[in-house]
Amino acid sequence: MADTTRYWLMKSEPLVYSIDDLAEEKNKTTCWDGVRNYQARNFMRDDMKKGDQVLFYHSNAKPPGVIGTAKIVKESYPDFTAFDPKDKHFDPKSKQETPRWFMVDIKLVKKLKRLVSLDELRTVKSLEGMVLLQKGSRLSVQPVTKKQFETICKLSEKPAPVG
């Protein structure tokens, strides 16, 4: 049987929700809520499947980079934060009977031995086509290839480049 696992990169600002926060969650599992970009939503709603692998990326950090891996443990369902007027992700146009926003649940697989920085990723020839590295790319949820996923995991096992 063919391997149908897909690979993703999911960004979170560490001051909002970090890999350490995920590690402290019950069962090391959390819902990935608050995504308010249609393309990122569509990836979660339509394409992410249980068992898919995730690169956990710290954005808006010094330095930004991949810090861990996770997996999808629950496929998409309506993002309940969109229905709560007190929540910062509230969307009055999203109704329970016609939800506009969706989320998935992820579970921590592991924290990497070290952060693989965005600057380092840019130096790796085999990662050139990565969505993250494309000019103007700001998607918080984006696909990566199996090869890109494996390359980044292998980089994290090596010492960080100097300079």
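We did not get these values from a lab; they are worked out from the coordinates using the rules stated. What you are looking at is a predicted structure, and each value in this text was computed from that prediction instead of being measured. Counting neighbours? That spans all protein chains shown, and the Cβs are built from the backbone with ideal geometry, glycine included.
Annotations for the structure displayed:
- Excluding same-chain neighbours fewer than eight residues apart, the lysines reachable from K28 by a Cα-Cα span under 20 Å are K11, K49, K50, K71, K74, K107, K110, K111, K113.
- Degrees separating the helix 146-157 axis from the principal Cα axis of the chain, which is the longest one: 60
- Prolate/oblate/rounded label for the range 31-85 (Cα gyration tensor, a/c 1.5): oblate
- Pairwise centroid distance, computed over Cα atoms, of the range 10-78 with the range 139-163, Å: 16
- For R100, the residues whose amide H sits under 5 Å from its own are K95, ignoring neighbours fewer than 5 places away on the same chain, with H placed 1.01 Å from N.
- Lys/Arg +1, Asp/Glu -1 at C-beta; the chain dipole; positive extreme among C153, H89, M48: C153
- Here the 3J(HN,Hα) profile of the range 90-98, calculated from phi with Karplus coefficients 6.51, -1.76 and 1.60 at θ = phi - 60°, is 4, 9, x, 7, 8, 10, 4, 7, 9 Hz, Gly and Pro shown as x.
- Packing-based ranking of 125-137, 75-87, 105-117 yields 105-117, 75-87, 125-137, ordered from highest to lowest mean Cβ neighbour count within 10 Å.
- Within the straight-line cut-off of under 21 Å between alpha carbons, the lysines reachable from K86 are K95, sequence neighbours fewer than 8 places apart in one chain being disregarded.
- Order of Y38, Y7, Y57 - criterion: other Cβ atoms within 10 Å of each residue's Cβ, fewest first: Y38, Y7, Y57
- For the range 7-149, the Cβ-based charge dipole about the Cα centre amounts to some 400 debye (Lys, Arg positive; Asp, Glu negative; other atoms uncharged).
- For the chain, the mean residue ellipticity at 222 nm estimated from helices alone is -4500 deg cm²/dmol, where every DSSP H run of n ≥ 4 contributes -39500 (n - 2.57) and the total is divided by all residues, rounded to the nearest 500.
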